[in-house]
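Beneath this line is the structure, given in structure tokens, with notes to follow.
The values are calculated or read from the model by the stated rules, or taken from the named source; none is laboratory data. Quantities reported herein were computed from a predicted structural model and do not represent experimental measurements. Positions of Cβ are backbone-derived with ideal geometry, glycine not excepted, and every protein chain shown enters the neighbour counts. Accessible surface areas use protein heavy atoms only, side chains included; no ligands, DNA or RNA. Shrake-Rupley method; radii C 1.70, N 1.55, O 1.52, S 1.80 Å.
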Amino acid sequence: MSSKALPANLSEETVRTISDERDEPEWLLESRLDALESLESLDLPDVIQTPGRRWTNLEALDFEDLVDPLNAADTTERVTAEGVEVLSFTEALDSHEEIVEEAFGSTIAPDTNYLTALSAALFTTGTLIYVPEDVDAEDVKIRAEMNSKSLFSHTLVVTEKSSSVTILEAIESGESDVEGERYFSNLVEIVAGENSYVQYGSLQNLDENTYTYSLKRGDAGVYSTINWIEGNLGSRLTRSDIETELNGDSSETKIVGAFFGHNDQHLDVNARVWHKAEHTTADLVTRGVLDDQARSVYEGVQDVGRDAWDTNSYQRENTLMLSDESEADASPKLIINNHDTEASHAATVGQVDKEDLFYMLSRSIPERTARNMLVEGFFVPVLDEIEVDEFREDLQELISARLD
């Protein structure tokens, strides 16, 4: 895949202006400039290909039109919990610069691909969530509205030894006079210390003029757990990558995903886990529904390293299509380099069960009501995996609204 050209409206001067306006330290400016310089040599993220077809056409995105780097605007509400620091990126640089410097780019290298470098060069909003040792916290929230042509966000989560935190993040489109297509990018890095627990829930419901790219990656230390919950209902094109590296002995991860596409939405959803240490466990569960001309593609990767003795790794992905015009492809993958492994993967793509529908119609349930009941029932296995009541209720509300 060839790399993309540098947009004409993006220059070193642009990046310096963003950094100067936020009074950033020299190391962060240099990181931005390095990311900018790397753009010309970087490729777009890999996409699934089947014979004769590339499922997601990222090359078609016109970043010169989509990106307006000097006019980014958002409204972000941050809710903290006792003992936890929840700070905007600018505030974090003032009070916890050493933590930010150590964590920034530690799990997502800015030059991972063209889109991560673009985000690392241009991000204007973001959050540090710092959980000190032995602190147990729930109800940390980040609720953001995108109010501009483009918006780049960067979130860092750092947990110290024997701490725990539950985080709910939501992004939607706010009031804006911006016309035409828009672009949102969200990078999330989690560094989980020894014996710590992180649950990170993210709900994306941007308007359908927006193209969305998100990469969320966690580094799980010894005895630590990183659990992800991801709901995607908005945007025209969604590219969502959730990844965990199980670098510590006895570390664990769960990736739970739900999506619901309609109209001509396109969803490219990926879950990946690397088992690098002994006694690690992973569970990947994704369910999606497609209506109208919506399309989805899913890749799930379980990579078991040579030294990952006593590994347990499981993956399940199911897509339900409500119309004959919708399309879906799923590609679960197992890469096993250690024989001391218990692993499985499964993926299904199919239409609403006609026998189930016929049974409900025969009980005098109207066809639309019956179909909606089957869709809600289809999502139950994913909803049951969500331990956070507020997130589960928000997702159920959005699914019900889509069905109505």
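So here's what we get for this one:
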| quantity | calculated |
| --- | --- |
| Share, in percent, of DSSP beta bridges within the range 12-351 that are antiparallel, nearest 5 | 10 |
| Max mean-square fluctuation residue, GNM over the chain, Cα-Cα springs under 10 Å, options His275, His262, His96 | His96 |
| Relative contact order (%) - the chain, alpha-carbon pairs under 8 angstrom, separation at least six | 9 |
| Alpha-carbon centroid distance for the pair the range 207-237 / the range 14-66, whole angstrom | 18 |
| Distance between the range 285-299 and the range 332-347 - C-alpha centres, whole angstrom | 23 |
| Equivalent ellipsoid semi-axes - Cα gyration tensor, the chain, angstrom | 32, 26, 21 |
| Mean accessible surface per residue for the chain, computed with a 1.4 Å probe while every protein chain stays in place, in Å² | 42 |
| Burial ranking of peptide ranges 177-183, 130-136, 162-168 (average Cβ count within 10 Å, highest at the top) | 162-168, 130-136, 177-183 |
| Highest to lowest packing among 377-384, 283-290, 314-321, scored as the average C-beta count within 10 Å | 283-290, 314-321, 377-384 |
| Tally of Lys pairs whose C-alpha atoms are under 18 Å apart, taken over the chain, 8 or more apart or cross-chain | 5 |
| Over the range 224-351, volume per residue of the alpha carbon convex hull, in Å³ | 72 |
| Among 210-221, 67-78, the order from most to least packed when residues are scored by Cβ within 10 Å on average | 210-221, 67-78 |
| Cα centroid separation, the range 250-270 to the range 149-195 (Å) | 16 |
| Dipole of the range 238-332 [Lys/Arg +1, Asp/Glu -1 at C-beta], most positive-end residue of Val285, Leu320, His275 | His275 |
| Carbon/sulfur fraction of accessible area - the range 12-351, other protein chains in place, 1.4 Å, % | 40 |
